[in-house]
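Notes follow the structure.
Here, each number is a calculation from the coordinates, and none is a lab measurement. Please read all numbers here as calculations on a predicted model, not as lab measurements. A quick note on method: Cβ atoms are made from the backbone with ideal geometry, for glycine too, and the neighbour counts reach across all protein chains shown.
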Amino acid sequence: MSSPQAQPAEAQQDSAAIARALYDLGPTPVMSCKADPRFSYCLYVPKTLGKGGPAPDLVVAMHGTGRGFTEYRNAFAEFARWNNCIILAPLFPIGVLGDDNRDGFKYMREGTIRYDEILLAMVSEVGARYALSFEQFGLFGYSGGGHFAHRFLLLQPERLWAAAIGAPGSVTLLDPSRDWWVGTRNMKELFGKEPDIEAMRRVPVQMIVGAADLETWEITHKPGGRNWMPDANHAGRTRPERLDTLRKSFEEAGVSVRFDLVPNMAHDGVRAVPRVEDFFAEVLAKRRGKAAQAA
């Protein structure tokens, strides 16, 4: 029987274990980003974490314009359980500069904010919280998140073990004859780096869009619009056309792409998730197989 002096310590340990099970494992609450509390994130963490076995991999599920970040976190939860992954779902709110801008995160720069760097700070924080290291991670984004995913790939390819790019409304082509965001001519001036094509070639890439995703009201740029610039619409009229143009741009640079044009699917990111899970599972199997052979 425990001594009276031991009971408070044991109770504290029990309380810590209960709190960890409630708040640090499974679907977590929303947490502020320590590097910049204007931004936040939630996680799904397998409840087997810390009970032996290999360390989990990380998958980032980026929301779209509607900011349904918990919806994507929940959609990937079963995949995380069965494939030993942590899911990180960031939240980049509308109007962080007080101007109601819905699109800042999509184009990677908003004032002095660099959204790729905010995401990397979140990844570092998650690693520190769970005593893990995520030098690379998988990235999925659909719609506005698809904007983010392919531009993050252009800026930070060395940090990704896979990128799944879903139905972006506008695309940045590997085009050195046009300025950002349409092309990459002034990327170094804006971001301090040129596209690293060799690093991009090492990243497995999936592009996914519904064959019935044909509405153009939200994606047609017009003079005077916040994101208007010359050639803003030159990649195509619809999301499938624009994503196919991005595919061609990547493939011309030697970046291999799995292109999923999903029959009878309109603009529905959650419906795309099972195909993205198949893609990630295939990449993880190869990645872990190589790691096992190296060990």
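Which of rounded, prolate, oblate describes segment 141-262, given a ≥ b ≥ c as roots of the alpha-carbon gyration tensor eigenvalues and a/c under 1.5 marking rounded, otherwise prolate only if a/b is larger than b/c?
Values: a/c = 1.84, a/b = 1.13, b/c = 1.64.
Because a/c hits 1.5 or more and a/b fails to exceed b/c, segment 141-262 counts as oblate.
Give a quick list of GluC sites (Glu not before Pro) in segment 127-198 that DSSP marks as loop, anything other than H, G, I, E or B, with at most 15 other Cβ atoms within 10 Å. Could you put the intermediate results ahead of the total?
Details: sites: E135, E158, E189, E198; in loops: E135.
Answer by residue number: E135.
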To the nearest 10 degrees, how steeply does helix 239-252 sit against the main Cα axis of the chain, on a 0 to 90 scale?
90 degrees
With the chain treated as a Gaussian network of Cα nodes joined by springs under 10 Å, which of A266, A75, A19 yields the largest mean-square fluctuation?
A19
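Nearest-5 percent of antiparallel DSSP beta bridges in segment 78-179?
Numbers: 2 of 8 bridges.
Just about 25 percent of them are antiparallel.
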So, in nm, how far is label D103 from label E198 when the simple model puts each one 7 Å beyond its Cα toward the Cβ?
3.5 nm
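Once you have the Cα-Cα distance between H221 and A291, take 0.36 nm times their residue separation minus that, and quote the gain in nm to one decimal.
Values: separation 70, 0.36 × 70 = 25.20 nm, distance 4.52 nm.
So the extension gain works out to 20.7 nm.
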Report for the chain the percent antiparallel among DSSP-assigned beta bridges with both residues inside it, nearest 5.
30 percent
Rounded to the nearest 0.05, FRET efficiency between E189 and A35 (Cβ-Cβ, R0 25 Å) equals 0.55
Choose one answer from A61, A285, A80: the residue with the largest mean-square fluctuation in a GNM of the chain with alpha-carbon springs under 10 Å.
A285
So what is the relative contact order of the chain, in percent, for Cα pairs below 8 Å that sit 6 or more residues apart?
14 percent
Which entries in the list K193/K290; K188/K222; K106/K193 go over 22 Å, if you measure between the two C-alpha atoms of each?
K193/K290; K188/K222
Contour excess over end-to-end distance, with Cα ends at V96 and T70 and 0.36 nm allotted per residue
7.4 nm
What whole-number distance in Å separates the alpha-carbon centres of segment 39-78 and segment 237-287?
20 Å
Net charge dipole size for the chain [Lys, Arg +1 and Asp, Glu -1 on Cβ; Debye, nearest 20]
280 debye
Mind telling me which of S177, S249, S143 comes out most flexible in a GNM of the chain, alpha-carbon contacts under 10 Å?
S177
